[in-house]
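See below for the structure under consideration.
Read the figures in this text as sums done on the coordinates, not as results from a lab. All values derive from a computational prediction rather than experimental measurement. Note that we place each Cβ from the backbone using ideal geometry, even for glycine, and neighbour counts take in every protein chain shown.
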Amino acid sequence: MLAEVLQRCTQLQVRRPSEGRNLFRRGRVYIAPPNRHLAVHNDCVLAAHGPRENRHRPAVDALFRSAAPELPVQGDCGSYSSGAPG
């Protein structure tokens, strides 16, 4: 539902990573599925069920920790937290 709401508000493509290979692309908004962390690895966006971080899953910590060595340019990754339970 969040993906559909955001898509109505932006020209960027809004995506929820599916199973398998999801190539990371600039100009896309990736939404973490419920109870999954987002991570960037080998130019792909992954949805992984890792441990809670600071009592949260999904947690931005996991995303930024994985994205830092993968994305060479500052500003390639951002985060928004809806505060919705998951």
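Remarks
- The relative contact order of the range 2-67 comes to 26 percent, based on Cα pairs under 8 Å that sit 6 or more residues apart.
- For the range 2-67, DSSP calls about 70 percent of its internal beta bridges antiparallel.
- Proximity of backbone amide H atoms, modeled 1.01 Å from N, is registered between residue 41 and 46 at under 5 Å, excluding neighbours fewer than 5 places apart on the same chain.
- Cut-off 11 Å between beta-carbons: net charge of the residues surrounding residue 14, Lys and Arg +1, Asp and Glu -1: +3
- Amide H contacts of residue 29 (H built 1.01 Å from N, under 5 Å, at least 5 apart or other chain): 13, 14, 15
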